[in-house]
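The structure under discussion appears below in the form of structure tokens.
Each value in this text was obtained by applying a stated rule to the coordinates, not by laboratory testing. Given the structure is predicted, the values throughout are model-derived calculations rather than measurements. Cβ atoms come from the backbone with ideal geometry, glycine included; neighbour counts cover every protein chain shown.
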Amino acid sequence: MEYQHNPVMLKQLISSLFNKNLNILSKNEKKIFVDGTFGRGGHSKELLKFISPNSKLFVFDRDPQAILEAKKLSLIDNRVHVIHACFSSMREELYNFGVLKNIDGIILDLGVSSPQLDQANRGFSFMRNGPLDMRMDNSCGMTIAKWLSSATLEEIYKVISKFGEERHAFKIAKKIVAVRQLHPINTTNELVSCISDVIKNNKPGKHPATKTFQALRIFINKELEELSNTLPTAIDILKPGGILAIISFHSLEDRIVKKFYNKVSNIDPIYKKIPISDINIPSPVAKKLKKITPDKDEIKLNPRSRSAILRILQINS
Ligand SMILES: C[S@@+](CC[C@H](N)C(=O)[O-])C[C@H]1O[C@@H](n2cnc3c(N)ncnc32)[C@H](O)[C@@H]1O
């Protein structure tokens, strides 16, 4: 079965990479772009329509299935270079291509793809019964089932509370620890029933397992560390005038992006405290461009886009 992913804010993201209207774009210039989160290539394929034959697009994903799809694309388009790695390693991975400091734009469309959520055997979804896996790169590392089998009550509580902002985190953690003494928690349904047993009156329309599943997924894939480590690298490897465009899907991610963008687009506050003349104060490395959210039509067509926020940053020339 073919699993699809609807790219979020497709046109807005692609035009932000050029910082100009796509209709007036010159398609002859050589450009170098990086898509750190290929998924099913929705954004990459759209971008390829606007870049010249001698341009390059480096695509990353940690998911082996996404990489298979990316390789299919690279067979029919020689501008595409596929790298199976976390986006946090983009500096090391791109070093040998001699493109560092010469990159025109980097895209990060964070979180999970629809195919990851839709395939029960990936264990990401509380709606589908499957093995409790949740690894984006399921070729290595520890599954969340394995972690839950040995983590302490306090560790489980902290993860659910910190990465899910779940107010029932302690009750859920206690239940998990009690249930795993009776039998291992190996499937998504088994985890869902632990949660449903302790959350009785959740908000209407919101599944009681939403926050816990989000928390465990973020934790086991180290998603926030990946993002925090990548932001300074991205700034450093883009060329002057280069664009960093990031779509986040929840407040934990967006907070990191927003704080970083504010930091690099403002004069370092340290200079307010030392007696130094204005001309000696280094200018900020970048400037914030737009913040964009999906319009009503997109949210109607693709409800998954409703919490998306696209933030764009440009390196100062
Ligand atoms: C929301 S999807 C991207 C969808 C893509 N823009 C499209 O249009 O098809 C996120 C993808 O990023 C990948 N991913 C998430 N975190 C990653 C990381 N730290 N390094 C590499 N890939 C990552 C996931 O495996 C997933 O395939």
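Multiplying each eigenvalue of the alpha-carbon gyration tensor of the chain by 5 and taking the square root yields semi-axes of 36, 24, 18 Å, largest first, rounded to whole angstroms. Put simply, the amide H of G242, placed in the peptide plane, has neighbours under 5 Å in I315, leaving out anything fewer than 5 places away on its chain.
Shown in residue order for segment 38-45 are the 3J(HN,Hα) couplings computed by the Karplus curve 6.51 cos²θ - 1.76 cosθ + 1.60 at θ = phi - 60°: 4, x, 10, x, x, 5, 4, 5 Hz (x for Gly and Pro). Neighbour counts of C-beta atoms inside 10 Å place T233, T210, T188, T37 in the sequence T210, T233, T37, T188, starting with the fewest.
Electrostatic bookkeeping for R304 treats Lys and Arg as +1 and Asp and Glu as -1; over the other residues with beta carbon under 14 Å from its beta carbon, the sum is 0. Within straight-line reach of K174, meaning a Cα separation under 18 Å, sit the following lysines at least 8 residues removed in sequence or on another chain: K146, K158, K162, K200, K211. Using 0.36 nm per residue and subtracting the Cα-Cα separation, the extra length available between K20 and K290 on full extension is 96.0 nm.
In this rough spin-label picture, where each label sits 7 Å from Cα along the Cβ direction, the K101-K72 distance is 4.0 nm. For segment 179-317, the equivalent ellipsoid derived from the Cα gyration tensor has semi-axes of 41, 19, 14 Å, listed largest first.
Taking 24 Å as the limit for the C-alpha separation, the pairs K175/K206; K56/K291; K49/K263; K101/K222 exceed it in the case of K56/K291; K49/K263; K101/K222. Remark on L289: its backbone amide H falls under 5 Å from those of I312, L313, Q314, a criterion applied only to residues 5 or more positions apart or on other chains, H modelled at 1.01 Å from N.
Averaging over all projection directions, the Cα-based convex hull of segment 137-220 occupies 5.4 nm² in the image plane. In the chain, helices alone account for a calculated mean residue ellipticity at 222 nm of -12000 deg cm²/dmol, with every DSSP H run of four or more residues adding -39,500 (n - 2.57). Coupling constants for segment 128-135 follow from the phi torsions by the Karplus curve (6.51 cos²θ - 1.76 cosθ + 1.60, θ = phi - 60°), and in residue order they are 10, 7, x, x, 7, 9, 6, 7 Hz; glycine and proline get x. With contacts taken as Cα pairs under 8 Å at a separation of at least 6 residues, the chain carries a relative contact order of 18 percent. Fewest neighbouring Cβ atoms within 10 Å first, the residues F97, F170, F33 line up as F97, F170, F33. Applying 1/(1 + (r/R0)^6) with R0 = 35 Å to the Cβ-Cβ distance of N129 and T152 gives a FRET efficiency near 0.85.
Considering only S74, S228, S277, the mean-square fluctuation computed in a Gaussian network model of the chain, springs between alpha carbons under 10 angstrom, is largest for S277. Summarising the label geometry, the points placed 7 Å from Cα in the beta-carbon direction at D137 and R255 lie 2.7 nm from one another. Taken about its Cα centre, segment 237-317 carries a charge dipole of roughly 140 debye when the Cβ of each Lys and Arg holds +1 and the Cβ of each Asp and Glu holds -1. Distance between the pseudo-spin-label points of K200 and K11 (7 Å out from Cα toward the beta carbon): 5.0 nm.
Show me, bin by bin at 10 Å from 0, the whole-percent P(r) of segment 79-148 based on Cα pairs. All Cα pairs considered, the percentages come to 16, 38, 26, 17, 3. Were the residues from I281 through Q4 laid out at 0.36 nm apart, the gain over their Cα-Cα distance would be 94.8 nm. Take the Cα of Y271, go 7 Å toward its beta carbon, and the backbone nitrogen atoms of segment 283-316 under 15 Å from that spot belong to 283-287, 316. Under a Cβ-Cβ cut-off of 12 Å, what is the net charge of the residues other than G105 that fall near it, where Lys and Arg count +1 and Asp and Glu count -1? With Lys, Arg at +1 and Asp, Glu at -1, the net is +1. With θ taken as phi - 60° and the coefficients 6.51, -1.76 and 1.60, list the Karplus ³J(HN,Hα) couplings across segment 116-121 in order, rounded to whole Hz; mark glycine and proline as x. Ordered by residue, 3J(HN,Hα) equals 5, 6, 7, 8, 4, 6 Hz. Near A145: Cβ cut-off under 14 Å, other residues only, Lys/Arg at +1 and Asp/Glu at -1. The net charge is +3.
Fewest-first ordering of R79, R91 by other beta carbons within 10 Å of each residue's beta carbon gives R91, R79.
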